[in-house]
Amino acid sequence: MAELVGEVLSINVSTEKGVVKTPVETAVLAADLGIVGDAHAEPGIKQVSLLANESVDKMREKTDSPLNFGDFAENITTRGLALHEMPIGTRFTIGGTLLEVSKIGKECHHGCAIKVKVGTCIMPLEGIFAVVKDGGEIRRGDKITVPGVML
């Protein structure tokens, strides 16, 4: 058994739903809630949204407009992991926290700016949600580890 390792490129938050999120250096994940201070922090299966930068790159190829971290309203932008290929129930760590994949695909909200601009959006196919099992502080640059994965 080995482990898969990725990296947190950006942590993104907003105080209201349906808007682009703003990158921050650090955030606190609260168990059974999500990112403290983020508009989407609430109990349920959609506590934290994640999107791989590799997925964003697919969208960058379809537009001349810049696409920045948080533009898809994702809480965490990653590198090095095919997030959408991780089955529901997969547990992973970011720094000292523990999360569990709870949903694959994030529906675009009505009037999604990316979908309007590009004609499509990657979030419904490759964005994921996770629930926070063990909270703590996370930082940009933290390793993301998926332990016990058969390679």
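The values are calculated or read from the model by the stated rules, or taken from the named source; none is laboratory data. For clarity, every value in this text was computed on a predicted model and none was experimentally measured. Glycine also receives a Cβ, built like all others from the backbone with ideal geometry; neighbour counts cover every protein chain displayed. Surface areas here come from the heavy atoms of the whole protein model, side chains and all, with no ligands, DNA or RNA. Shrake-Rupley method; radii C 1.70, N 1.55, O 1.52, S 1.80 Å.
Here's the yes/no breakdown for (1) in contact with a Ser or Thr (Cβ under 7 Å, 6 or more places away or on another chain); (2) at pLDDT below 95; (3) hydroxyl-bearing (Ser, Thr, Tyr):
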{"residue": "Lys58", "(1), (2), (3)": "no, yes, no"}
{"residue": "Met86", "(1), (2), (3)": "no, yes, no"}
{"residue": "Thr93", "(1), (2), (3)": "yes, no, yes"}
{"residue": "Ser102", "(1), (2), (3)": "no, no, yes"}
{"residue": "His110", "(1), (2), (3)": "no, yes, no"}
- Restricting the stretch 33-45 to residues that are in contact (Cβ under 8 Å) with a residue 60 or more places away in the chain and buried (at least 16 other Cβ atoms within 10 Å of the Cβ), the residue that is nearest to Phe69 (Cα to Cα): Gly34
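Just the residues that are in a loop (DSSP other than H, G, I, E, B) and either buried (at least 18 other Cβ atoms within 10 Å of the Cβ) or charged (D, E, K, R) (or both), please, taken from the stretch 15-29.
At the first step, the residues of the stretch 15-29 found to be in a loop (DSSP other than H, G, I, E, B) are 15-21, 25.
Those that are in a loop (DSSP other than H, G, I, E, B) and either buried (at least 18 other Cβ atoms within 10 Å of the Cβ) or charged (D, E, K, R) (or both): Glu16, Lys17, Lys21, Glu25.
Hey, among the residues in the stretch 136-151 that are more than 16 Å from the chain's Cα centre (by Cα) and at pLDDT 60 or above, which one's nearest to Lys58 (Cα to Cα)? Before the answer, list the steps.
Pass one, the stretch 136-151, residues more than 16 Å from the chain's Cα centre (by Cα): 136, 147-151.
When the remaining residues are screened for being at pLDDT 60 or above, the result is 136, 147-148.
Numbers: Gly136: 32, Pro147: 27, Gly148: 29 Å.
Going through the qualifying residues, I end up with Pro147.
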- Task: Return yes or no: is Ser49 more than 13 Å from Ile138 (Cβ to Cβ), modelled with pLDDT under 90, among the hydroxyl-bearing types (Ser, Thr, Tyr) and open to solvent by less than 10 Å² (accessible area, probe 1.4 Å)?
- Result: no
- Message: Could you tell me how many of the residues in the stretch 39-77 are under 13 Å from the mean Cα position of the chain (by Cα) and of a type outside the set (A, V, I, L, M)?
- Response: 14
- Task: Determine whether the stretch 64-74 contains at least one residue that is open to solvent by less than 10 Å² (accessible area, probe 1.4 Å) and on the phi > 0 side of the Ramachandran plot.
- Result: yes
- Query: Which pairs have Cβ atoms under 8 Å, sit 6 or more apart or on different chains, and link a residue in the stretch 10-32 that is modelled with pLDDT of 95 or more to one that is part of a loop (DSSP other than H, G, I, E, B) and acidic (Asp, Glu)?
  - Reply: Ile11/Glu25; Asn12/Glu74; Val13/Asp38; Ala27/Asp38
- How many residues are in a helix (DSSP H, G or I) and among the acidic types (Asp, Glu) if we restrict to the stretch 52-107? 3
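Within the stretch 30-42, does at least one residue satisfy the condition of being within 19 Å of Glu137 (Cα to Cα), among the small types (Gly, Ala, Ser), in contact with a helix residue (DSSP H, G or I) (Cβ under 9 Å, 6 or more places away or on another chain) and not in a loop (DSSP other than H, G, I, E, B)? Full working, then the answer.
Filtering the stretch 30-42 for residues within 19 Å of Glu137 (Cα to Cα) gives 30-42.
Narrowing the set further to residues that are among the small types (Gly, Ala, Ser) leaves 30-31, 34, 37, 39, 41.
So of that shortlist, the ones also in contact with a helix residue (DSSP H, G or I) (Cβ under 9 Å, 6 or more places away or on another chain) come out as none.
No, the stretch 30-42 has no match at all.
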